[in-house]
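Working notes, beginning with the structure itself.
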Amino acid sequence: MFERVRELGRSGIDVCSEMGRAGIFLIRMIFRRPRLIKVFPLVVEQLYAIGVLSLIIMVVSALFIGMVTALQGYHTLSKFGADTQLGQLVALSLTRELGPVVAGLLFAGRAGSALTAEIGLMKTTEQLSSMEMMGIDPLWRVIYPRFWAGVISLPVLSLIFTAVGIYGGYVVAVKWLGIDAGTFWSNMSASVDFHLDVLSGIIKSIVFAVVVTWIAVYEGYTTEPTAEGISLSTTRTVVYSSLAVLGLDFMLTTIMLGGW
Amino acid sequence: MQTDSLVTIRDLHFAHDNRSIFSGVNIDIERGKITAIMGPSGTGKTTLLRLIGAQIQPDKGEVIVNGQNVHQINRRELYHARRDMGMLFQNAALFTNISVFENVAFPIREHTNLPESLIRKLVLIKLEAVGLRGSANLMPSELSGGMQRRVALARAIALDPALIMYDEPFAGQDPISMGVLVKLIKTLNEVLGMTSVVVSHDVPETASIADYVYLIAEGKVVAQGKPAELLTSSSPHVKQFMQGLPDGVVPFHYPAKDYIEDLFDV
Ligand SMILES: Nc1ncnc2c1ncn2[C@@H]1O[C@H](COP(=O)(O)OP(=O)(O)OP(=O)(O)O)[C@@H](O)[C@H]1O
Ligand SMILES: [Mg+2]
């Protein structure tokens, strides 16, 4: 009995200290002031690997999500004879929810896992150690550019996701279901508010970007240097960041709907 | 002992998960000399080099490199101090995403602002020294293990560090490249005055270039002296190791329970 309680306490302390370490790690990433001339090309290189290479999966998924949202929406709206509001429904679901959230989940699966595996393998093969011994801080040279590239990429990818999704919805609504294109767009632009809808989506995606990239690089950097260690960290990255995205989405939505 | 030592290790204690690796090690590495660290596999030679480079913290004792206690200085000072250290890792540890040339150029690019033409010359000189100039444009994965280690050596000496630590530089080398590496280590030491620490099992090669040898076993320095002294030593530890005898006071096996008992244990 006491043994159980003690174990519970111990794992509680472990979780807390781990969170503390990860928090310090994040603060270091954010408040570090490196020399821009050196760091800029590194960030650009990572923007390509993390952002540009994630583009295709984002665009394809966004098309499908937009199309299916339009189809489902039409099905429901036409029951109430409100099918002219389809544009509004598609745009609002995508800007406020689906865009940032699905992009965040896809990003965790595509880029987050890749980041963790790459950094973890660099650690396992002692590439990070050898960098340390050369007097180059891997936190600065390897982790920092990847972190910022992730933080910059995801909001941009989310915006692209939303735009492409809306286009997918448009294709289904106008070309297929026969809704008038003028009605589709004008209803949409009349009802989507920049502050309430677009901005809140952007804020969400920035928060997701920080959290997902943070989890990914931290898991990679602290991985246990074995094959199982890497596989475990990669799994953890995907699981933790997906849960974090969904949980934070709920919290942010509550705040935004309540406060604004 | 000596007055002019670059690295001074005093009363070093270190344990990996409660398994004691070092218990009270004292070592002096003299400036401008080649010091060899020898000992059975698994005694902690690699661990010792990591402790000198302050990649891991000792439980007790101090490591002074160039007048600084590397385990007490802050991160910034430590990274600065490491610029004057080179380390050849036991398993090469090349950056797999860039070419051989870029690997050797990496520390130069990071720490200096030299023009590209000069970097090219420096890199080619280092690669030529290890006999791999022709492989400059290959990727590390296209090299054999022995070749990778030679590239790693070229990278470790890229900036001519004051202290260089070689973790088993001769492992996996054929007799020809072994001879070249032995000469290279000697030359770097003589011409550039690099203080060198060589961890190696190759007794004749190491003895031929080392100025001083430490033999560690079971967490302690069991013998030290000039190579000639150790080769002719009558101490059982030293004799067994230097002459490679399987039976003697140094156990070949990792600590375990009785063999027969273990085999028939169900
Ligand atoms: N991460 C670790 N966790 C626990 N024990 C470790 C770890 N790394 C090394 N050890 C133990 O520390 C001891 C010393 O390891 P080290 O790699 O320093 O040996 P070594 O003298 O370099 O051996 P070799 O000549 O085979 O390279 C070994 O017995 C090993 O079991
Ligand atoms: Mg070793």
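For the stretch B:44-120, what log10 I(q)/I(0) values come out of the Debye formula at q = 0.13, 0.16, 0.18 1/Å, with one point per alpha carbon and no solvent?
Cα-only, vacuum Debye calculation for the stretch B:44-120: -0.53, -0.74, -0.88.
Using the Cα atoms of the protein assembly as shown to build a convex hull, what is its mean projected area in square nanometres?
If you wrap the Cα atoms of the protein assembly as shown in a convex hull and average its projections, you get 34.9 nm².
Provide the descending list of Cα extents for the stretch B:14-69 along its principal axes, expressed in whole angstroms.
Extents along the principal axes, in whole Å: 35, 25, 18.
How would you order B:127-137, B:9-19 from highest to lowest mean count of nearby Cβ atoms within 10 Å?
B:127-137, B:9-19
Mind putting together the pair-distance distribution for chain A? All Cα pairs, 10 Å bins, whole percent per bin, short to long.
Pair shares across the bins are 7, 26, 29, 20, 12, 6, 1, 0.
Considering every residue in B:122-134, what mean count of other chain Cβ atoms within 10 Å of its Cβ is obtained?
Taking the mean over all residues of the peptide, I get 0.
Run lengths n ≥ 4 of DSSP H only: what is the helix-derived mean residue ellipticity at 222 nm for the protein assembly as shown, with -39500 (n - 2.57) per run over all residues, to the nearest 500?
Mean residue ellipticity at 222 nm (helix-derived): -17500 deg cm²/dmol.
How fast does the stretch B:166-226 diffuse by Stokes-Einstein, in µm²/s, taking the Kirkwood radius from C-alpha pairs at 25 °C and 0.890 mPa s?
Roughly 198 µm²/s, to the nearest whole number.
On C-alpha positions alone, give me the angle between the axis of helix A:113-124 and the longest principal axis of chain A, in degrees, nearest 10.
10 degrees
In peptide B:77-89, what is the residue-averaged number of other protein chain Cβ atoms found within 10 Å of each Cβ?
Details: counts 0, 3, 6, 1, 1, 7, 4, 1, 3, 3, 5, 2, 6.
The shielding value for this peptide is 3.
Residues of the stretch A:74-95 with backbone nitrogen within less than 11 Å of a virtual label 7 Å along the Cα-to-Cβ line of A:Val171, please, listed as ranges.
Within reach of a label on A:Val171: no residues.
Before anything else, pin down the relative contact order of chain B: Cα pairs under 8 Å, at least 6 apart, normalised by residue count, whole percent.
23 percent
Shape verdict for the stretch A:1-54, please, from the Cα gyration tensor: rounded (a/c under 1.5), prolate (a/b greater than b/c) or oblate.
Working: a/c = 7.76, a/b = 2.65, b/c = 2.92.
The shape class here is oblate.
Can you give me the orientation-averaged projected area of the convex hull built on the Cα atoms of the stretch A:137-187, in nm²?
4.3 nm²
Taking the inverse of the average 1/r across all pairs of different Cα atoms in the stretch B:167-266, what Kirkwood radius in Å do you get?
Working: mean 1/r = 0.0637 Å⁻¹.
Radius from the Kirkwood sum: 15.7 Å.
Take every Cα-Cα pair in the stretch A:74-189 and report what % of them are more than 20 Å apart. Please list the in-between numbers first.
Working: 3811 of 6670 pairs.
In whole percent, the share of Cα-Cα pairs in the stretch A:74-189 beyond 20 Å is 57.
How big is the Rg/Rh ratio for the stretch A:1-116, C-alpha atoms only, Rh by Kirkwood, two decimals?
Answer for the stretch A:1-116: 1.20.
How many Cβ atoms of partner chains, on average, are near each residue of A:132-143 if near means within 10 Å of its Cβ?
If you average over the peptide's residues, the count of other-chain Cβ atoms is 6.
Can you check how the C-alpha radius of gyration of chain B compares to 2.2 N^0.38 Å, as a plain ratio?
1.06
Would you kindly give the portion of the calculated P(r) for the stretch A:203-243 that falls above 11 Å, as a percent of all Cα pairs? All intermediate terms of the calculation are to be shown ahead of the outcome.
Numbers: 492 of 820 pairs.
Summing the P(r) tail past 11 Å for the stretch A:203-243 gives 60 percent.
Quick check: from the Cα gyration tensor, does the stretch A:139-244 come out rounded (a/c under 1.5), prolate or oblate?
Judged from the Cα gyration tensor, the stretch A:139-244 comes out prolate (a/c at least 1.5, a/b above b/c).
Take the cross-link list B:Lys126/B:Lys239; B:Lys121/B:Lys226; A:Lys38/B:Lys183; A:Lys123/B:Lys126; A:Lys38/B:Lys186; B:Lys126/B:Lys220 and give me the ones stretching past 31 Å between alpha-carbons.
As for pairs spanning more than 31 Å Cα to Cα, those are B:Lys126/B:Lys239; B:Lys121/B:Lys226; A:Lys38/B:Lys183; A:Lys38/B:Lys186; B:Lys126/B:Lys220.
How much of the calculated P(r) for the stretch B:117-179 lies past 16 Å, in percent of all Cα pairs?
46 percent
7 Å from Cα along Cα→Cβ at both B:Asp258 and A:Val5: what's the point-to-point distance in nm?
4.6 nm
Could you give log10 I(q)/I(0) at q = 0.11, 0.16, 0.22 Å⁻¹ for the stretch B:108-222, computed by the Debye formula over C-alpha point scatterers of equal weight, without solvent?
-0.40, -0.80, -1.34
Taking 7 Å along the Cα-to-C-beta vector as the label spot, tell me the A:Leu121-B:Asn69 distance in nanometres, rounded to one decimal.
In this crude spin-label approximation the distance works out to 4.2 nm.
For a Förster distance of 22 Å, can you work out the FRET efficiency between the beta-carbons of A:Leu232 and B:Asn97, rounded to the nearest 0.05?
It comes to 0.45.
Quick check: net charge around B:Gly61, other residues with Cβ under 14 Å of its Cβ, Lys/Arg +1 and Asp/Glu -1?
Its environment carries a net charge of -1.
Compute the distance from the alpha-carbon center of the stretch B:49-121 to that of the stretch A:189-247, in whole Å.
Answer, in whole Å: 33.
Read-outs: derived from the displayed coordinates by stated rules, not from any lab. Remember, predicted model here, so these are calculated numbers, not experimental data. Note: ideal-geometry Cβ built from the backbone for every residue, glycine included; neighbour counts use all protein chains shown.
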